[in-house]
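*Asks:* The following block contains the structure, expressed as structure tokens.
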Amino acid sequence: MEPLRGAFVPVLRPLFRGSRLGLEEAMGHVLEEAGRVLGLSFAPLGPVRSGEEAQEVARRVEAEGYELLLLGLVTFATGDVLRPLLELGVPKVFWALPEAWIGGVLPQNALCGLNLALSLPSLGPAKWLYGPPDPGGLANALAPTAKAVRGLKVLREARLLWLGGPAPGFDRFAERPTTGARVEERDLEAFFAAYEAVAQEEVSRALESWKGLASLGEAGARLARVALALKALVRGYDGVAFRDWPEVPERLGVFPSASLALLADEGLWVAPEGDLMGLLSQLVLRAVGGEDPILLDVVAVREDGVLLWHGGEAPLSWAAGEVHLLPHFNRGLPAVRHMVLRPGPVSALRITGSGLAVLGGRLDGRGGYWGASGWLRDIRWAGEPLGPEAFLGRWLGAGMPHHLVLARGDCGSALLELARWSGLGLVLTGREAVWGVSWR
């Protein structure tokens, strides 16, 4: 993983005695130590003592493409010194030091400087830290920030392939990213051409590794060819949103869920049903530390949990036990990968133009229907605990697209920061125009 590039800019006012104690050097050393743990490389710029110096540093930050700006408030500083740095589009973290001593002459007034900085009208999203130069404490405080900035890079820079557009009638899946991610559209004929171009020798070699497909005979060979065609098309992209029905099963006589699962085993992300924003949500969730993000439907709610399910595209790393290839539950065509999702803490995300739905909880090791399924419990929405019924009311009331992206691990803090850095914000409530009641 390539280190993130951060800029450390100490800000101080020479009138304060604390400006002559070398505190900024201690901050720089601790940042360097914490950065090694987090995959963050901080370049020291400054210190900044005036608006003119701040303008020069701001030009450097912009020209050199730093991905995170950490402003070290060694002492009190006024808005004219901070303003050129606040106008930068890079994520900003303010770190103010506690006073070097208590009693007598005030040495730094750094906390008051932090207060002033966070009150400035020109300030956009910002995170603040207040504490001594302790590498452990600093690393813990910056850990979600480093993950969030990685997610922000994906939001702004991902390159997505859209094969065939959304599945018929899935109108919400036509939504496009607004954060800078690039989308290249190709019709399904590009896929079918790639399918025909796969050499038989390549299929034979693949089936030696993909033993489960080999047991399906000619259908397995077609599924292997689907996977190889998608693998060829995805080169140069971060992932592909693929309209996997109805044309593919109608023309090839297979349902490609198992093909998508095999690619997921190799870390290649293919969002089914042409769900472009679902794909972006997968890539972002992986960037912030979520393991093997998958797309799932919300299919049942009981007092003890919410059943999540989809048609068998999950990688083997999700399996709680045995895995089987079964016919598609509706079409009867091979094949979907059937598994119960393994228990443990999970994070969930859905990115929309109206904000990020950020959820967490745990899977309890129970399954449901053919395909990949698991029961979600102890649900949190943006950190707020919600029972299953309350979750359902908010999810439906917010008009969320019907795919939820789920990954193993707790990424909640990073996702909450990402919602702020991105400017998209959080989906927190339902729409007033949508309401309802459930009963059993």
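The values are calculated or read from the model by the stated rules, or taken from the named source; none is laboratory data. It should be emphasised that the depicted structure is a prediction, and the values quoted were computed from it without experimental measurement. Neighbour counts are summed over all protein chains in view; Cβ atoms, including those assigned to glycine, are modelled from backbone coordinates with ideal geometry. These area figures cover heavy atoms from the full protein model, side chains too; ligands, DNA and RNA do not enter into them. Shrake-Rupley method; radii C 1.70, N 1.55, O 1.52, S 1.80 Å.
*Asks:* Quantify, in whole percent, the carbon and sulfur part of the accessible surface of the range 233-278 (1.4 Å probe; protein heavy atoms only).
*Replies:* So the carbon and sulfur contribution to the accessible surface is 46 percent.
*Asks:* Which lysines have a Cα less than 22 Å from the Cα of Lys127, not counting those fewer than 8 places away in the same chain?
*Replies:* Lys92, Lys147, Lys153
*Asks:* Okay, next question. Within the range 56-121, which chymotrypsin sites (Phe, Trp or Tyr not before Pro) sit in a loop by DSSP and count at most 16 neighbouring Cβ atoms inside 10 Å?
*Replies:* Qualifying residues, ordered by number: Trp101.
*Asks:* I've got another one for you. Counting alpha carbon pairs within less than 8 Å and at least 6 residues apart, what relative contact order, in whole percent, applies to the range 1-144?
*Replies:* RCO, the range 1-144: 28 percent.
*Asks:* Treating cross-link reach as a plain straight distance, find the lysines whose alpha-carbon is under 25 Å from the alpha-carbon of Lys211, omitting any fewer than eight places away in the same chain.
*Replies:* Leaving aside lysines fewer than 8 places away in the same chain, those within reach of Lys211 are Lys231.
*Asks:* For the chain, find the longest principal axis of its Cα atoms and tell me its angle to the long axis of helix 23-38, 0 to 90°, nearest 10.
*Replies:* Roughly 10 degrees, rounded to the nearest 10.
*Asks:* Okay, next question. By how many degrees, 0 to 90 and rounded to 10, does the Cα axis of helix 200-209 deviate from the longest principal axis of the chain?
*Replies:* Value to nearest ten degrees: 70.
*Asks:* Out of the total accessible area of the range 109-222 (probe 1.4 Å, heavy atoms of protein only), what percent is carbon and sulfur?
*Replies:* For the range 109-222, the apolar C and S fraction of the accessible surface comes to 53 percent.
*Asks:* Here's something else I'd like to know. Under 11 Å from the Cβ of Phe170, count the other residues' Cβ atoms, weight Lys and Arg +1, Asp and Glu -1, and hand me the total.
*Replies:* Once all neighbours under 11 Å are counted, the net charge is -2.
*Asks:* If you don't mind, there's one more thing I want to ask. Order the peptides 307-314, 102-109, 159-166, 55-62 from the highest to the lowest mean number of other Cβ atoms within 10 Å of their residues.
*Replies:* 307-314, 159-166, 55-62, 102-109
*Asks:* Taking 7 Å along the Cα-to-C-beta vector as the label spot, tell me the Ala43-Ser215 distance in nanometres, rounded to one decimal.
*Replies:* Result for the modelled spin labels: 5.5 nm.
*Asks:* Another one. Would you mind computing, in nm to one decimal, how far apart the modelled labels at Arg59 and Glu189 are, each placed 7 Å from Cα along Cα→Cβ?
*Replies:* Spacing of the two 7 Å Cα→Cβ label points: 5.3 nm.
*Asks:* Report the net charge of residues surrounding Ala139, where surrounding means a beta-carbon distance below 12 angstrom and charges are Lys +1, Arg +1, Asp -1, Glu -1.
*Replies:* The answer is -2.
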